[in-house]
Amino acid sequence: MTRAAAIKHGYTTGARTLASRSVLGLARTRVTPNALTASGVLLCGIASVLVLFENRNELVFYWLAAVVFVVGSLLDILDGALARAGGKTTPFGAFLDSTTDRISEGFMLTAIAYVLARHDHPVFVAVAVTAVAGSFLVSYTRAKAEALGLRGDVGIGSRAERVVVITAGLVLAPWGVLPWSLVLLAATAWITVGQRVLHVRKQLMEASSE
């Protein structure tokens with residue numbers, strides 16, 4: 001395991017452990033994982049709408065959007081933890097969770113692209129579209145790998161990292177950082193796609209040589 005992979009494994013494991021502890025009480029209530037999933041995507045949708053009002057007050061609306069987006073993304077993490085803690089895991093729940101991840105991210109990146117178009121930044125609008133395609137392919141390559149019975153969760157730009165980059169871009173948007181956060185997002189997403197393709201190829205070659 002490389003140093004980067006070890007670091008990622010460490011904070012991913014820590015985050016999952018913390019999430020599992022956070023939902024122990026919630027698991028004894030009637031709140032369902034699907035309800036958390038729906039709440040998460042709704043909040044991310046609201047955050048996307050807030051971004052559109054940045055022309056009224058950049059600091060207020062970008063920061064408010066960042067807070068709401070983070071809360072919505074955290075609910076997306078907790079839904080899986082709640083399902084595991086309460087023994088409520090279902091194939092449909094896993095499917096819904098994965099689908100709404102894409103919806104949440106798509107909402108936010110579309111809103112950011114609209115704002116960049118409004119400010120006459122066509123190059124960065126194209127970057128936003130590239131980031132959307134890359135982030136969707138990151139998830140697709142993992143799903144396709146797992147459908148083949150292989151591991152596809154490697155790479156530097158999984159959803160957790162993308163949420164961090166988007167949130168940082170929103171917080172620093174009043175100082176012109178948002179377009180460049182999209183550049184970072186697009187680059188890490190496409191690098192991750194390449195890493196996953198190569199990792200799947202490696203696993204298939206190892207399997208064929210046995």
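Annotations for the structure displayed:
- Order of Ile77, Ile156 - criterion: other Cβ atoms within 10 Å of each residue's Cβ, fewest first: Ile156, Ile77
- Local charge for Val163 was computed over the other residues whose Cβ lies under 9 Å away, with Lys and Arg +1 and Asp and Glu -1, and equals -1.
- The stretch between Ile156 and Ala133 holds 6.7 nm of extra length on full extension. This uses 0.36 nm per residue minus the Cα-Cα distance.
- Extended-chain gain in nm, criterion 0.36 nm per residue less alpha-carbon gap, Ala38 and Ser208: 57.0 nm
- Relative packing of 201-208, 46-53, which averages over residues the other C-beta atoms within 10 Å, highest first: 46-53, 201-208
- Simple spin-label estimate for Glu146 and Phe92 in nanometres, 7 Å along Cα-Cβ: 1.9
Any read-out appearing in this document is the output of simple, stated calculations on the displayed coordinates, not a laboratory observation. This structure is a prediction, so every number in the text was calculated from the model and none was measured. Glycine gets a Cβ as well: all are built from the backbone with ideal geometry, and neighbour counts include every protein chain shown.
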